1. Considering only residues that are of a type in the set (Asp, Glu) and part of a helix (DSSP H, G or I), which ones fall in the stretch 355-370?
2. Going by the structure shown, is Val129 touching a Phe, Trp or Tyr at 6+ places or on another chain (Cβ under 6 Å) and within 20 Å of Val61 (Cβ to Cβ)?
3. Could you tell me whether Ser14 is without any contact (Cβ under 8 Å) to a residue 40 or more places away in the chain and either out of contact with any helix residue (DSSP H, G or I) (no Cβ under 9 Å at 6 or more places or on another chain) or surrounded by 24 or more Cβ atoms within 10 Å (Cβ to Cβ) (or both)?
4. Say whether the condition of being under 27 Å from Glu207 (Cα atoms), part of a helix (DSSP H, G or I) and aromatic (Phe, Trp, Tyr) is met by at least one residue in the stretch 88-102.
5. Quick check on the stretch 164-181: of everything there that is more than 19 Å from Ala418 (Cα to Cα), of a type in the set (Val, Ile, Thr) and in contact (Cβ under 8 Å) with a residue 24 or more places away in the chain, which residue is surrounded by the most Cβ atoms within 10 Å (Cβ to Cβ)?
6. Which condition from (1) more than 22 Å from Asp23 (Cβ to Cβ); (2) crowded, with 22+ Cβ neighbours inside 10 Å is the one that Ile59 breaks?
7. Limited to the stretch 310-333, what total is found for residues that are part of a helix (DSSP H, G or I) and either among the β-branched types (Val, Ile, Thr) or surrounded by 15 or more Cβ atoms within 10 Å (Cβ to Cβ) (or both)?
8. Could you check, for the stretch 324-332, whether at least one of its residues is in contact with a helix residue (DSSP H, G or I) (Cβ under 7 Å, 6 or more places away or on another chain), under 28 Å from Lys271 (Cβ atoms), of a type outside the set (Lys, Arg) and touching a residue at least 40 places away in the same chain (Cβ under 8 Å)?
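The values are calculated or read from the model by the stated rules, or taken from the named source; none is laboratory data. Predicted, not measured: the structure shown is a model, and the values here were computed from it. In this analysis, Cβ positions are derived from the backbone assuming ideal geometry, glycine residues included, and neighbour counts consider all displayed protein chains.
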Amino acid sequence: MPDREGALPEAIRSELRDIGRTDIVVGIPTFNSERTVGGVVTAVEAGIRKAFPDRRAVIVVSDGGSEDATIMAARAAGVGDLAERYLVDPNSPEPRKVAFAYRGLPGKGSAFRAVFEVARELQAAACAVVDSDLRSIRPFWMDHLLSPVLRYGFDYVSPVYARHRFDGTITNSIAYPVTAALYGQRLRQPIGGDFGFSGQLAAHYAERNVWHTDVARFGIDIWMTTVASVEGFRVCQAHLGAKIHDPKDPAADLGPMFSQVVGSLFALAGKYRERWERVTEVLDPPTFGLPAAAAAEPVRISLPRLVWKFVDGSVRHQSLWRQIMAEETFDGVMGAIREASENPRGLVLAPYLWFRIVYDFLVAYNLRDTEPAALLESLIPLYFARTASFVHETAEDTDEEAEERINGLVAVALDLKAYLLRRWRERGVPERKLADQTLPQAPIEESVH
């Protein structure tokens, strides 16, 4: 049943009634972000006042139950007496700040849901969301995320960052190439974290019945991007420069993110099969702004840890791999393992083999004869192997050369769509009219209040 209660506490709904209407809503999802949220709030305010001095705006801090002083720090932050320093007209109106703990499953998606509901309540024309741990956000981000909506009529603005080649490995190896190949839009950061969208699209998101699934957590970004791409909304992207946050070694800090993102991507592919099976080319969406000249911070990856986790996972999951993969794909993986001892680079999962693996898992996920959590867990060691292969492939590359390799993965994923469709039909995946609530279910936990 749809959740009619929503993510907003009643006290906040009362505050929104006092505000009435606004032009712009910018949401910042937070959790124990006391150290960074002040700088983010200040940059957002400066950007709004500089780019849109005649627009009413509300900054929404949607908190997941922080145990530190995140909300207090957010409320205290802002341009204040430093308007001249930020090149802001001191007479421009200050955005209203609303900060609260959302209601619902703990997670980024629930925080976004609260922002969508605020935008709907205030009938905002344009919205944006930005991460709370950013150390690189600049005021111009507001112009780049909101102007395509307010001035050019776009509904969804996806980010383009300058990132180190080892930052965002889930994006680079799965989310970007597979989403682009399936839906025909070369959106470079489909799970980037910082987006712009129209008030109409915000209301559309708020009304969907997905908030007890993994969309309430890390599945939110891929869900937003996919819905905007396939349901008739105008999509573009915008350059935001370098993204500097708290990057992680994928072998050490994967956590639940992989399963939530990839599970949502696979489930959405099942829901929208009739859309993607007709896509035969990938188009470049309109892109605003100029590519960044600034270099991104380096990200260190432990190759020994990646390889060890693959070896350990191959022992535990090999029988399941045999069930999931086509015979030639499974043989390719076994061949790569045998050749690893003779190859100075160790294990190599080449792009064509990797995307056959991904598509086999996508089909098996939608076939539903394997428990989804076990299926996704068994894919993780193969992802580690592909990440290690990419590290070796790009060892002598500049970030620009590595970026060309990543863009080349889109062509590989597109070329293998015939394989995906063949496997889909061979395995007899049932044709279903899937509803939103059939997305992967989030584990039941105590709601945040």
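1. Of all residues in the stretch 355-370, those of a type in the set (Asp, Glu) come to 360, 369.
Result: Asp360, single match.
2. Numbers: touching a Phe, Trp or Tyr at 6+ places or on another chain (Cβ under 6 Å): yes; within 20 Å of Val61 (Cβ to Cβ): yes.
Here the answer is yes, as Val129 does meet what is asked.
3. Yes; evaluated as a whole, the condition is true for this residue.
4. First, the residues of the stretch 88-102 that are under 27 Å from Glu207 (Cα atoms): 95-102.
Cutting the leftovers down to part of a helix (DSSP H, G or I) gives us none.
The answer is no; no qualifying residue exists.
5. Step by step, filter the stretch 164-181, then rank; the result is Thr169.
6. Checking Ile59 against (1) more than 22 Å from Asp23 (Cβ to Cβ); (2) crowded, with 22+ Cβ neighbours inside 10 Å, the one that fails is (1).
7. So the count comes out to 14.
8. The answer is yes; a qualifying residue exists.
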